[in-house]
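The values are calculated or read from the model by the stated rules, or taken from the named source; none is laboratory data. Just so it is clear, the model here is predicted, and its values are computed rather than measured. Positions of Cβ are backbone-derived with ideal geometry, glycine not excepted, and every protein chain shown enters the neighbour counts. Calculation scope for accessible area: heavy atoms of the full protein, side chains included, ligands and nucleic acids excluded. Shrake-Rupley method; radii C 1.70, N 1.55, O 1.52, S 1.80 Å.
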Amino acid sequence: MIKVYLNNKEFEIEENINFSSFINQIHENIFGIAVAVNNNIIPKNKWNETILYNEDKIILIKIACGG
């Protein structure tokens, strides 16, 4: 098991998990979000190949509409 931090909240996950698998486990709606891992923006087409490592810091931003 390794530790990662999503918006400063700690999660313990299996080793060698990619971001896509991680986010699908914990987040119901993956539409309209932007992601950065260790301050590097990860485009959605790279989620499957982005492996998470111990102590990674993930920032997830939900797009909101309003006025």
Subset tally (residues that are part of a strand (DSSP E or B) and surrounded by 10 or more Cβ atoms within 10 Å (Cβ to Cβ)) for the range 10-24: 3
Checking Ala36 against (1) modelled with pLDDT of 95 or more; (2) in contact with a helix residue (DSSP H, G or I) (Cβ under 6 Å, 6 or more places away or on another chain); (3) among the small types (Gly, Ala, Ser), the condition it does not meet: (2)
Selection within the range 25-34 - open to solvent by 70 Å² or more (accessible area, probe 1.4 Å) and closer than 15 Å to Asn48 by Cα: Gln25
Selection count where residues are in contact with a helix residue (DSSP H, G or I) (Cβ under 7 Å, 6 or more places away or on another chain) and of a type in the set (Gly, Ala, Ser), scope the range 1-33: 1
Among residues of the range 25-49, those that are in a loop (DSSP other than H, G, I, E, B) and of a type in the set (Asp, Glu), counted: 1
Contacts under 8 angstrom Cβ, first residue in the range 54-67 being modelled with pLDDT under 85, partner open to solvent by less than 80 Å² (accessible area, probe 1.4 Å), 6 or more apart: Ile63/Gly32; Ile63/Ile33; Ile63/Ala34
Members of the range 44-67 that are more than 15 Å from Asn7 (Cα to Cα), surrounded by 11 or more Cβ atoms within 10 Å (Cβ to Cβ) and of a type in the set (D, E, K, R): Lys44, Lys46
